[in-house]
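The values are calculated or read from the model by the stated rules, or taken from the named source; none is laboratory data. Every value quoted in this text rests on a predicted model; they were computed, and no experiment measured them. Cβ placement follows ideal geometry from the backbone for every residue including glycine, while neighbour counts extend to all protein chains displayed. For accessibility, only protein heavy atoms count, side chains too; no ligands or nucleic acids. Shrake-Rupley method; radii C 1.70, N 1.55, O 1.52, S 1.80 Å.
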Amino acid sequence: MFVDDIILDGQYFAVTVRSPDANCGLKGIRCPELDPAYRLIRASDIPGQNHLADSAVPLLARDSLRYIGEPVAILVGPDWAKLGELAAQIIVETEAASDTARPPVFSTDSPDAEITSQVMFDTEAFPRNVSPPKEKSHSGGVSAAPAPSGEGAGAGAGAAELSPDGPEPEPVVVTGLYRTGLQEHWYSEPHGAVANILNDGVIVYTATQWPGHVKQSVAEALSLPSGAVSVKTAELGLHFDGKIWYPSLVAVHAALAAFITKKPVKLMLTREEDFLFSPKRPETRLEFSSLLDSNGEPCETTVSIRAGFGSETFFADVMLESIARAVAGHYRLGRIQVRAEAVKTNLPPAGPFAGFGAAQGFFGLERHAAKIADTVRADGSEWLSHHYNEKRMAADELENLTEDLLKQCDYKRKWAAYELLRRREAGGRISPTRGIGIAVIAYSGGKIRYSLLNKPGGASAQAAEAPLLAAAVVELEIDRVDFSANIRRACISVRTGALNDKRAVRRRLLQNSVAAFGWASVEQLEYRDGRIDKNGLVDYRLPASSSIPPVSVILSERPVAEENPDIIRELPYCVIPAAYLQALTQACDHHFDTIPVSARDIWRVLENPENDGQESHGEKEQ
C-alpha cells in the first residue's frame, strides 16, 4: 500500500510552507487569521530537537534560510482545499542575513562555495623512468583519428605509434574535464507520511529505506523515548535510493502536526513540490591529468573532484569516498593522486541515486581511459584489457568477462568499420554516422550502503569484499534529421556472487539500464538562480521505452556467498553512460565529456565542427 492510499478516521492534512529566498534571514511569517481547527506550526513549537537524527538538517528554519524551498512552517487542518487557499496567503518575510553576507552560491564551481569535507590519497607509484613532459597536451576533441583495431604498434593497443627512423616520441600529457549532471529519482509516489497518536506514543506510516532513522528522528523531535515511536513502511515502488533520509524529514513534519493537534495527519508532497525540492543526484566535476611516457604508457595521474551537495551534506563523506575509490579503480594509470571535495551551496539538497556516488567516479575514469586510448591510437577495448590493475582485482577474470561480451556484440569488427567511416568522413561528414563504445568496471563499494543504513555511523568504506565485475557495450546511430542518438544495440555483462533469483536481478538490471541511458542523454535538469525553472517538471524527459531496444543481459556467477540484488542494480549507471559517450565520440569524431548530452549538443558538433559541442550551464537557453 502506498502512503496516499492510507486513510484514517478523522484525518487532518498538512502542507509545507517554504522559503522564497536563499542565504537570508527569516524576519517573520505573516499568516491570515485561522479558524480554531487550523494551526500553523513553526520552529518554536517543536518540543524536542530541531534537526534530524545524526545530522544538522533542520526540521524547520528558525532564523536563517539557506535555500529556496527550505521548510519554515507546517500548516495543518481538516480541509485539503482550504489548506491550499490559506497557504497561498501566507507570506514568508526575509531580510539580508547581515551587512557582510555573501551573495547566494548556486554553482559547485564557485570559489565562494563552502568545502565541507575532503578525501585525499596517493596510490603507490608503478616503477617507471620518465623524463619531464614538454609543453604538449591533448585535451579537447580527438586530435587524430585512431587506427583501426590491429594497426597499433609495440605490444598492441597500449603503445603509441613509433617511427623506426624518427626521433623518440616525447612524453605527452592527456587532460580531461568530465561532468555529470543532476538526475531526478521520479519515484512511483512523491514523498509523504501519515502520523497518528496512539496512547502515549506515535505511529508513522511512510515509504522509507531507512525506518530506523525515521524512528530516531521522530523520537528526538517530539522528546519521546524511542520505544514510543512505531514506524510502518509503506510501498516503496521504484525509488533509486531517493528515499533514504528525506522521508525522515517529511515523517517528522507529519508526526509533529499529529502530536500538536492530537489528530491523525497526512502530509503528501505534490509531484511538482517533490520535483522542485527533494534531493537529486549531485552534480560532479572530475578533472584528470595523465602523464604518458615515450611508449604511450600512463605513469602518473592526478584527479581533482568537486561534488555539489546543495545545502545539506547528508552522506557527503561516504559518497565522496565512493567517488574517489572508483576513480582510483582498476586501471594501471601509474601513481594516482586524488583530491576530492564535497561542496555546500545554496541549492536544495542532493543525495544518493542508485548508489553512493561510484557511478560518477567510474564515468570520469572510463571517459579518461577512452581519451588516453584515442591519444595513443588504440582500440579502446584492447587498451583497457592491457591496463587492468592486477593488484586491485582479478584481471584475468575481468578480461574473460569482457572477451565474451565483445564476441557477442561483434565489437571489434564494428569498431574497425566505424573507424574507417569516421576517417573518411573527416573531410565532409555523411549520413548515417555510427559509433560503438565499451566501458568496464570492478566495483567493490556496494556493501557500504547496507552497513550504513543498518548501523548508522558504523559503516567502513574500507570493508573488504570481492568486487562485482561489469562491462557494457553500446552501439548507436545519429539521426541527421533531429540529431538524436538512436541506440542500435546495448548489452551489459555482470559477474557476481551466487544469485538466489536471477530473474529479479535481470529485471533490476534492465530497469536501471533504461534510467542510466536517461541520465546520459535526455534527462536535462539544472538550477537557475537557485531554483528549477517553473516549467522544469513539464519539460523533464524520461527515456521512452520505444527509444531503447531490449538490453541484452549476460549473468555469470562465482561460487561464493549470495549477492544482494540491490547492490547489483547500481552497475548499469557505472558502465552504460561511459560506453554511450564513447560510442557518441566515435560517431561524431568529438570527445563528449559531460552528461547528459542533448540532441542540440550533437547538432552543435556536427554542424559546427570547430565548436566544443557542449554548452556550459550558463550558455544554455532559458
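Looking only at region 60-85, residues that are outside any loop (DSSP other than H, G, I, E, B) and surrounded by fewer than 21 Cβ atoms within 10 Å (Cβ to Cβ) come to 8 in all. Put simply, of GLY156, GLY152 the only residue that is at pLDDT below 55 and at positive phi is GLY156. Is it fair to say SER304 is surrounded by fewer than 23 Cβ atoms within 10 Å (Cβ to Cβ), under 23 Å from THR594 (Cα atoms), modelled with pLDDT of 95 or more and in contact with an Asp or Glu (Cβ under 7 Å, 6 or more places away or on another chain)? So SER304 fits the description; yes.
Within region 313-344, the set of residues being open to solvent by 10 Å² or more (accessible area, probe 1.4 Å) and either free of Cβ contacts under 8 Å to residues at least 60 places away in the same chain or under 29 Å from SER64 (Cβ atoms) (or both) comprises THR313, PHE314, PHE315, ASP317, VAL318, GLU341, LYS344.
Scanning region 34-59 for residues that are touching a strand residue (DSSP E or B) at 6+ places or on another chain (Cβ under 7 Å) and either among the β-branched types (Val, Ile, Thr) or not in a loop (DSSP other than H, G, I, E, B) (or both) yields ARG39, LEU40, ILE41. Pairs linking a residue in region 494-520 that is among the aromatic types (Phe, Trp, Tyr) to a residue that is open to solvent by 10 Å² or more (accessible area, probe 1.4 Å), with Cβ atoms under 6 Å and 6 or more positions apart or on different chains, are PHE517/PRO543; PHE517/ILE548. Looking only at residues in region 1-32 that are in contact with a Lys or Arg (Cβ under 9 Å, 6 or more places away or on another chain) and hydroxyl-bearing (Ser, Thr, Tyr), the one that is surrounded by the fewest Cβ atoms within 10 Å (Cβ to Cβ) is SER19.
For region 281-296, taking the residues that are of a type in the set (D, E, K, R) and surrounded by fewer than 24 Cβ atoms within 10 Å (Cβ to Cβ), the one that is nearest to LEU249 (Cα to Cα) is identified as ARG285. Condition first: open to solvent by less than 10 Å² (accessible area, probe 1.4 Å), in contact with a strand residue (DSSP E or B) (Cβ under 8 Å, 6 or more places away or on another chain), over 24 Å from SER444 (Cα atoms) and of a type outside the set (Asp, Glu). Can you find one or more residues in region 473-480 that meet it? Checked region 473-480: at least one residue is open to solvent by less than 10 Å² (accessible area, probe 1.4 Å), in contact with a strand residue (DSSP E or B) (Cβ under 8 Å, 6 or more places away or on another chain), over 24 Å from SER444 (Cα atoms) and of a type outside the set (Asp, Glu). So, of the residues in region 168-184 that are in a loop (DSSP other than H, G, I, E, B) and farther than 19 Å from PHE363 by Cα, which turns out to be least open to solvent (accessible area, probe 1.4 Å)? Among residues in region 168-184 that are in a loop (DSSP other than H, G, I, E, B) and farther than 19 Å from PHE363 by Cα, the one least open to solvent (accessible area, probe 1.4 Å) is PRO171. Of the set (1) open to solvent by less than 30 Å² (accessible area, probe 1.4 Å); (2) farther than 30 Å from TYR178 by Cα, all apply to ALA113 but (2). Number of residues in region 38-59 that are under 33 Å from the mean Cα position of the chain (by Cα) and either surrounded by 18 or more Cβ atoms within 10 Å (Cβ to Cβ) or of a type outside the set (D, E, K, R) (or both) equals 11. Scoring VAL214 on the criteria (1) within 22 Å of GLU312 (Cβ to Cβ); (2) touching a residue at least 40 places away in the same chain (Cβ under 8 Å); (3) part of a helix (DSSP H, G or I); (4) β-branched (Val, Ile, Thr) leaves a single failure, condition (2).
When residues in region 266-318 are screened for being in a strand (DSSP E or B) and within 28 Å of ALA515 (Cα to Cα), 13 of them pass.
Annotation note: of HIS213, HIS239, HIS253, the sole residue that is open to solvent by less than 40 Å² (accessible area, probe 1.4 Å) and at pLDDT below 95 is HIS239. Only a single criterion out of (1) closer than 21 Å to GLY530 by Cβ; (2) modelled with pLDDT under 95 is not satisfied by GLU33, namely (1). When residues in region 400-412 are screened for being under 17 Å from ALA579 (Cα atoms) and open to solvent by 20 Å² or more (accessible area, probe 1.4 Å), 6 of them pass.
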